[in-house]
Amino acid sequence: MVNLIWVAMAIIGIVFAMINGTMNEVNEAIFKSAKEAVTISIGMISILVFWLGLMKIAEEAGLLERLAAFFKPLVRRLFPEVPANHPALGYIVSNMIANMFGLGNAATPMGIKAMEELKKLNGHKDEASRSMVTFLAINTSSITLIPATVISIRMTYDSASPGEIIGTTLVASTISTVGAVFIDRYYYWKRMRKGGKR
């Protein structure tokens with residue numbers, strides 16, 4: 001559906017430009033945007049490779065395992081209906097850690113695997129389970145310690161201080177995650193009071 005929306009927007013824009021005689025400006029914008037996209041991508045690749053390399057070192061050193069063990073009690077409280085040694089918990093913790101370091105691209109595969117495992121626990125139903133909703137809320141808001149992707153974009157555009165957003169990003173993402181968890185719990189509690197299903 002999203003692909004159809006993008007195609008429709010592109011076609012409408014081109015037709016509108018042809019009618020108004022602004023195709024030259026559209027062509028210029030297309031090539032300028034393509035050049036910027038390549039520049040941003042190369043900048044992001046360098047930062048992502050650096051952080052993914054650090055995460056690999058942390059994994060080899062056992063740091064990720066310790067972080068996973070540290071977060072497991074919290075994750076168990078957030079997802080009480082998921083069995084203690086279920087693979088979903090491992091994927092959820094890995095996704096949270098990757099998001100904390102601003103590695104959205106690395107977090108996505110973990111998030112997909114976590115959702116697949118949660119769907120299995122839900123009996124492959126079309127309706128999302130409590131755990132699936134909670135995970136989606138946490139994954140979308142996600143506390144970010146180091147916004148690597150945003151820092152790389154700021155570096156690409158010659159920011160005087162690309163890392164100055166770390167503090168504000170941490171505060172904003174913490175507030176959004178806490179808010180997402182409270183809202184998730186509030187609606188779950190409200191549904192339970194009405195005698196709804198999990």
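The residues of the chain expose, per residue, 66 Å² of accessible area to a 1.4 Å probe. Using θ = phi - 60° in the Karplus curve 6.51 cos²θ - 1.76 cosθ + 1.60, the 3J(HN,Hα) couplings for segment 116-130 round to 4, 5, 5, 5, 4, 5, 8, x, 6, 6, 6, 7, 5, 7, 4 Hz; x is entered for Gly and Pro. Comparing Val2, Ala84, Met18 along the charge dipole axis of segment 1-131, the residue lying farthest to the positive side is Ala84, per the Cβ-charge model.
Given (1) 0.98; (2) 0.92; (3) 1.07 as candidate values of Rg/Rh (Cα atoms, Kirkwood Rh), which corresponds to the one derived from the coordinates? This structure yields the entry labelled (3).
Charge dipole of segment 46-194 (Cα centre as origin; +1 on each Lys and Arg Cβ, -1 on each Asp and Glu Cβ, all else neutral): 780 debye, rounded to the nearest 20. Other residues with beta-carbon under 11 Å from the beta-carbon of Ala88 carry, at +1 per Lys or Arg and -1 per Asp or Glu, a net charge of 0. Largest first, the residues Asp184, Asp126 sort by 1.4 Å accessible area into Asp126, Asp184.
Spin-label model, Lys125/His86: points 7 Å from Cα along the beta carbon direction are separated by 1.3 nm. Residue pairs exceeding 31 angstrom between C-alpha atoms, taken from Lys125/Lys190; Lys35/Lys113; Lys56/Lys119: Lys35/Lys113. In sequence order, segment 171-179 has phi-based couplings of 5, 5, 6, 5, 4, 5, 5, 4, x Hz under the Karplus curve 6.51 cos²θ - 1.76 cosθ + 1.60, θ = phi - 60°, and Gly or Pro positions carry x.
Hey, any idea what % of the chain's accessible area is carbon plus sulfur with a 1.4 Å probe? Roughly 68 percent of what the probe reaches on the chain is carbon or sulfur.
The values are calculated or read from the model by the stated rules, or taken from the named source; none is laboratory data. Only a predicted model underlies this, so the values are computations on that prediction, with no experimental measurement involved. Ideal geometry is used to build each Cβ from the backbone, glycine not excepted, and the neighbour counts take in all protein chains shown. Heads up: the accessible areas ignore ligands, DNA and RNA and are worked out on the full protein's heavy atoms, side chains in. Shrake-Rupley method; radii C 1.70, N 1.55, O 1.52, S 1.80 Å.
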